[in-house]
Amino acid sequence: MDAFLKNDSFSLQKDILDHVEYTVARSRFIFDDFEAYQGLSYSVRDRLIERWHDTHRYFKKKDPKRLYFLSLEFLMGRSLSNSVINLGIRDQYADALNQLGFEFEVVAEQEGDAALGNGGLARLCACQMDSLATLDYPAWGYGLRYQYGLFRQIILDGFQLEEPDYWLNFGNPWEIERVHVSYPVKFYGTVEEEGIQGQTIKVWIPGETVEAVAYDNPIPGYGTRNAINLRLWAAKPSDQYDMESYNTGDYINAIMDRQKAETISNVLYPDDRSYQGKELRLKQHYFFVSASLQDIIRRFRDDHNNFDEFPEKVALQINDTHPSLAIAEVMRVLVDEEHLDWSRAWDITSRVFSFTTHTVHVEALEKIPVDLLGNLLPRHLQIIYEINYKFMEELKSMIGQDYDRLSRMSIVEEGAVKSIRMANLSIVCCQIVNGVSKVHLDLLKERVFKDFYELWPQKFQYKTNGVTQRRWVVVSNPNLSSLISKWLGTESWIRNVDLLAGLRQHVSDPDLQREWKMVKKVNKARLAEYIETLSGIKVSLDAMFDVQIKRIHEYKRQLLNILGIIHRYDCIKNMETSDRRKVVPRVCIIGGKAAPGYDIAKKIIKLCHVVAEKINNDADIGDLLKLVFIPDYNVSVAELVIPGSDLSQHLSTAGHEASGTGSMKFLMNGCLLLATADGAIVEIMEEVGADNMFLFGAKVNEVPALREKGASLKAPLQFLRVVRMVRDGYFGFKDYFKSLCDTLEDGKDFYLLGYDFASYLEAQAAADRTFVDPEKWIHMSILSTAGSGKFSSDKTIEEYAKHTWGIEPCKCPF
Ligand code: GL2
């Protein structure tokens, strides 16, 4: 299929200018960087649309089995650089812009982040979409188009404040509004019984209808013509909405009521770990599930009329429990609308779905109060009860009258608030349930889903998470990317990540080492400049850049990092001047957002600021130690920070991080990891070798016994000393930090900071010793990148495609 649009520099310039003039409506003779970004983006979008049409025409013609990836969150970040690189026309665009008097990097900086997700889970989905497109899989992503993405973090006097992220304020050139692709989504109402041809069927008479309108976001693959679709739904008032009010003459109120419909897709919930039973959240879940399934079933029906073929043509992926209402919805459609009998419908449903869980925390598993569900979706509640009844009967026949176990495994949780356990629903229905790392699977088997694992061991798998090397090396670290290609003699690693291992054979080459070091230095300079602009703090490029960036959570132990920094500061202060020469200078960088209602996490942010204030203004310390908090951490900040880091910290208490994906991004960029043996770190260790990292802390299997010890588990003196400094107000805000310090008392230290402190300091000392041996450091750094291939999302997606979804590549011809 020939491209209609040309990619030579002249055509690109003309395109950009045309868009500036006719789409953005600015004069082609006078426009600024932002308008250049807009013109450029629309021009790129045209090229994306071309490929995307070809891809979908081709999929339609071939009619392969398609994957539909359902996720409530996608953290895409910026699109421009990624798109032009994947389309293979970055340099041409850079030339075209140059000729127009603009610089590509400056123009690209104008783009805001699309932050329709909280953290790792959401960014993982974005990486997986990139891999699905690149590997030519016939896949669709489905999610919600929130008007407000994840809040912007403002730091005022060291405290986190949240500002709404109205990311659509300046338009979004990367989406295509599909006014004609819209579906009614229904809520509330009653269920009645009707007799049809001698059978009684249930009919849901909904009480409210909202329209779901599609916004399509083309996702281009790299080195392929394929561009797949991420379809996000926005809520709009339905025309069927309350005609009564109009007729009674209450025009203004009727309009106001209509507007309420839009609130469904208004805002992303900013808490990634606890799900209070909120009606709006449940509405969001069902809204996106219902619209997506109507769309999927419509597409299936275009070419098929027998639902027995559904599992051969459709794979539905439930990403975490959020979309699991889809199970009840498919059953409802098959039984109530298609009039299939229950067992046939269940057989079909259980063959299309698979489920990924992303947590190790039982308390984080979603539960929906029955009252809430029954009110909002009365028919779905009946269906879930029916699924549970049949499951309980089957289970009794298998395990007998073990009521404790039956009640643990039931989809319905009895108790003060009777609830539906969405994870149980997903496990009962899906033939494949997967965790996101080897360790995670072990925890699922032994703790989280033990009963289910014993019943159906064959259902449980793990698929180690991965990140895309296109975004995390090629886009964000172009210098390293060119260096890798030069030494491997090919750019093929960008698609075939196994080739990265080829760096191992050059690891001792002094030329590579020199060039590697130079790339790091340039990236550090870029980061240092950013830090200075942000905070006015000048940092030395000779210092070790030591970074911890991720959501702020107690289990991720940013507090351990800060206490370690206080210890370092305290040691330097108490050193003889002659000994100070031996101190390895550090720039400690911390960044991350705390959920707005998460008090302890917010205190950790404040603590970081007061400690930074003290250290950074202590003339006695100078360049030996600096602490910087980077506000409003997001994808594009990560793209800047990661390439410029020497060391990166992953400190979760073992057994708490399902996988972790930040570590993989750092690894690919040749940063050394200082980490606990948790989540995917255990597999990283297998790939790069434990001696190529700085590991510390209790192991997953040791943690429960340590917790049992309670107050008898004594923390070391160094730990008590630094905690006391905080408690006694050495950094100020004594009363404010009291509750934070209380969490560290013997017997209350659930996340084992005290227990792990000594080994943490040892690992830090080992990192210092290595840093003063630059040759060794670079050696380890090259081996980190060389060993990162396994953690590409390309690998993960191939595993899912083969072992879970049963889909094959469907490559659109060029
Ligand atoms: C998470 C896990 O905590 C994290 O360990 C994992 O890497 C990602 C992706 O699988 O999923 N679960 C979750 O709710 N968030 C995560 O980052 N926010």
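The values are calculated or read from the model by the stated rules, or taken from the named source; none is laboratory data. Predicted model, so just to flag it, every value in this text is computed and none were measured. We place every Cβ from the backbone using ideal geometry, glycine too, and count neighbours over all the protein chains shown.
Of all residues being farther than 16 Å from residue 143 by Cα and not aliphatic (A, V, I, L, M) in the stretch 259-269, which is farthest from the ligand (Cβ to nearest atom)? Just the residue, please. Working first, answer last.
The first filter runs over the stretch 259-269 and keeps only residues farther than 16 Å from residue 143 by Cα, leaving 259-261.
With not aliphatic (A, V, I, L, M) added as a condition, the list becomes 259-260.
On the way: 259: 31, 260: 29 Å.
Ranking the qualifying residues of the stretch 259-269, first place goes to 259.
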Exercise. Could you grab me the full set of residues in the stretch 409-444 that are within 16 Å of the ligand (Cβ to nearest atom) and not aliphatic (A, V, I, L, M)?
Key: 426, 434, 435, 437, 438, 440, 442
Quiz item: Hey, does the stretch 706-720 have a residue that's touching a residue at least 60 places away in the same chain (Cβ under 8 Å), surrounded by 12 or more Cβ atoms within 10 Å (Cβ to Cβ) and in the same structural domain as residue 675 (by TED's automatic domain parsing)?
Solution: yes
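So which of 112, 141 is under 28 Å from residue 163 (Cβ atoms), assigned to a loop (DSSP other than H, G, I, E, B) and more than 15 Å from the ligand (Cβ to nearest atom)? Don't jump to the end; show me each part of the working.
On the way: 141 fails: assigned to a loop (DSSP other than H, G, I, E, B).
On inspection, the qualifying residue turns out to be 112.
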Practice problem: For the stretch 693-708, name all the residues that are outside any loop (DSSP other than H, G, I, E, B), over 11 Å from residue 752 (Cβ atoms) and in contact with a Leu (Cβ under 7 Å, 6 or more places away or on another chain). | Solution: 694
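Do the conditions hold for residue 146, that is, is it touching a residue at least 60 places away in the same chain (Cβ under 8 Å) and under 17 Å from the mean Cα position of the chain (by Cα)? Reasoning before the result, please.
Details: touching a residue at least 60 places away in the same chain (Cβ under 8 Å): yes; under 17 Å from the mean Cα position of the chain (by Cα): yes.
Yes: the conditions hold for residue 146.
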Quiz item: How do the pairs read when you match residues in the stretch 267-287 that are in the same structural domain as residue 149 (by TED's automatic domain parsing) and closer than 18 Å to residue 632 by Cα with residues anywhere that are within 15 Å of the ligand (Cβ to nearest atom) and assigned to a helix (DSSP H, G or I), using Cβ under 8 Å and keeping only pairs 6 or more apart or on different chains?
Solution: 269/281; 272/121
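Of the residues 140, 174, which single one is outside the structural domain of residue 58 (by TED's automatic domain parsing) and closer than 19 Å to residue 287 by Cβ? Let's see the steps before the verdict.
Details: 174 fails: closer than 19 Å to residue 287 by Cβ.
Within the list 140, 174, the selection yields 140.
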Self-check item: In the stretch 632-679, the residues that are among the hydroxyl-bearing types (Ser, Thr, Tyr), within 15 Å of residue 472 (Cα to Cα) and assigned to a loop (DSSP other than H, G, I, E, B)
Solution: 645, 661
Self-check item: Residue match in the stretch 486-499 (condition: closer than 25 Å to residue 125 by Cα, in contact with a strand residue (DSSP E or B) (Cβ under 7 Å, 6 or more places away or on another chain) and aliphatic (A, V, I, L, M))
Solution: yes
Practice problem: Go through the residues of the stretch 298-310 one by one and say whether even a single one is touching a residue at least 40 places away in the same chain (Cβ under 8 Å), away from the ligand (no atom under 16 Å from the Cβ), among the aromatic types (Phe, Trp, Tyr) and over 30 Å from residue 61 (Cβ atoms). | Solution: no
Quiz item: Just for the stretch 192-220: of the residues that are touching an Asp or Glu at 6+ places or on another chain (Cβ under 7 Å) and within 14 Å of residue 79 (Cβ to Cβ), which one is surrounded by the most Cβ atoms within 10 Å (Cβ to Cβ)?
Solution: 219
Practice problem: Consider only pairs whose beta carbons are under 6 Å apart and that are at least six residues apart or on different chains; among these, list those whose first residue lies in the stretch 648-666 and is in contact (Cβ under 8 Å) with a residue 60 or more places away in the chain and not assigned by TED's automatic domain parsing to the domain that holds residue 273 and whose second residue is of a type in the set (Ser, Thr, Tyr) and near the ligand (Cβ under 8 Å from one of its atoms). | Solution: 658/359; 659/437
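Which ranges mark the helices (runs of 4 or more DSSP H) fully within the stretch 204-314 that have 1 or more residues being basic (Lys, Arg) and modelled with pLDDT of 85 or more? Outline the logic, then answer.
On the way: elements: 243-247, 251-260, 279-303, 310-313.
Helices (runs of 4 or more DSSP H) meeting the threshold: 251-260, 279-303, 310-313.
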Quiz item: Among 85, 155, 49, 89, which is the only one that is within 21 Å of residue 591 (Cβ to Cβ) and hydrophobic (A, V, I, L, M, F, W, C)?
Solution: 155
Quiz item: (1) closer than 28 Å to residue 466 by Cα; (2) in contact with an Asp or Glu (Cβ under 8 Å, 6 or more places away or on another chain); (3) surrounded by fewer than 17 Cβ atoms within 10 Å (Cβ to Cβ): which one isn't true of residue 342, the others all being true?
Solution: (1)
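Return the residues of the stretch 345-365 that are over 18 Å from the mean Cα position of the chain (by Cα) and either at pLDDT below 95 or within 12 Å of the ligand (Cβ to nearest atom) (or both); say none if nothing qualifies.
Listed by number, the residues that qualify are 362, 363.
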Quiz item: Identify, please: which residue in the stretch 624-681 is away from the ligand (no atom under 16 Å from the Cβ) and of a type in the set (D, E, K, R) and is, among those, surrounded by the most Cβ atoms within 10 Å (Cβ to Cβ)?
Solution: 626
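Working carefully through the options 566, 572, 590, 604, find the one that is modelled with pLDDT of 95 or more, over 33 Å from the mean Cα position of the chain (by Cα) and not assigned by TED's automatic domain parsing to the domain that holds residue 121.
On the way: 566 fails: over 33 Å from the mean Cα position of the chain (by Cα); 590 fails: over 33 Å from the mean Cα position of the chain (by Cα); 604 fails: over 33 Å from the mean Cα position of the chain (by Cα).
Answer to the selection: 572.
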Practice problem: Select from the stretch 334-355 the residues that are of a type in the set (Phe, Trp, Tyr), assigned to a helix (DSSP H, G or I) and under 22 Å from residue 423 (Cβ atoms) and list them in ascending order. | Solution: 346
Quiz item: Does the stretch 71-93 contain any residue that is surrounded by fewer than 19 Cβ atoms within 10 Å (Cβ to Cβ) and assigned to a helix (DSSP H, G or I)?
Solution: yes
Exercise. Enumerate the pairs (first residue in the stretch 350-369 and basic (Lys, Arg); second residue anywhere and within 16 Å of the ligand (Cβ to nearest atom) and assigned to a loop (DSSP other than H, G, I, E, B)) with beta-carbon separation below 9 Å, excluding pairs fewer than 6 apart on the same chain, so at least 6 apart or on different chains.
Key: 367/275
